[in-house]
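Everything on this sheet refers to the single structure shown next.
Just so it is clear, none of the values below were taken in a lab; they were calculated from the coordinates. This structure is a prediction, so every number in the text was calculated from the model and none was measured. So basically every Cβ, Gly included, is an ideal-geometry build from the backbone, and we count neighbours across all protein chains shown.
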Amino acid sequence: MFKRLKTTFQQWLSPVQTAADELQNQNNEVVNATRRSFFKRAAIGTVAVGGTAGLASAVVDSLPEPDLTHKYRKDAVAGEQDLQEWEYVEMSDQEKSDMVQTFIDSYSRQS
């Protein structure tokens, strides 16, 4: 801002410019234009990311929430039915002795 004010004031005092001064002013304008375009692109990118995040949030919020109590109750009823179908049968003495002998045989093979 001060450079622009300084150049305007110099032009007012001495309206004759040399070619070098004119070339320097053009270079400054090009640099300012590229800076502006960078900030413009950065602002557009920021707005695009923000808009996408807002849209994603709206989509996620609009999804219906599942009825978890109904699902839990349904699962619990199925589990209770499975447990009621099982029967507890006590092992006979012969089955117990066979199982113990299996453990003894497998232990003696490993050592």
Self-check item: Restricting the stretch 44-102 to chymotrypsin sites (Phe, Trp or Tyr not before Pro) in coil, as DSSP defines it, with at most 13 other Cβ within 10 Å
Solution: Trp86, Tyr88
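As an exercise, identify the GluC sites (Glu not before Pro) in the stretch 55-103 lying in DSSP coil whose Cβ has no more than 14 other Cβ atoms within 10 Å.
Details: sites: Glu80, Glu85, Glu87, Glu90, Glu95; in loops: Glu87, Glu90.
Counting only loop positions with at most 14 other Cβ atoms within 10 Å, the GluC sites (Glu not before Pro) in the stretch 55-103 are Glu87, Glu90.
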Self-check item: Calculated FRET value between Arg36 and Ala56, using beta carbons and R₀ = 30 Å, to 0.05
Solution: 0.45
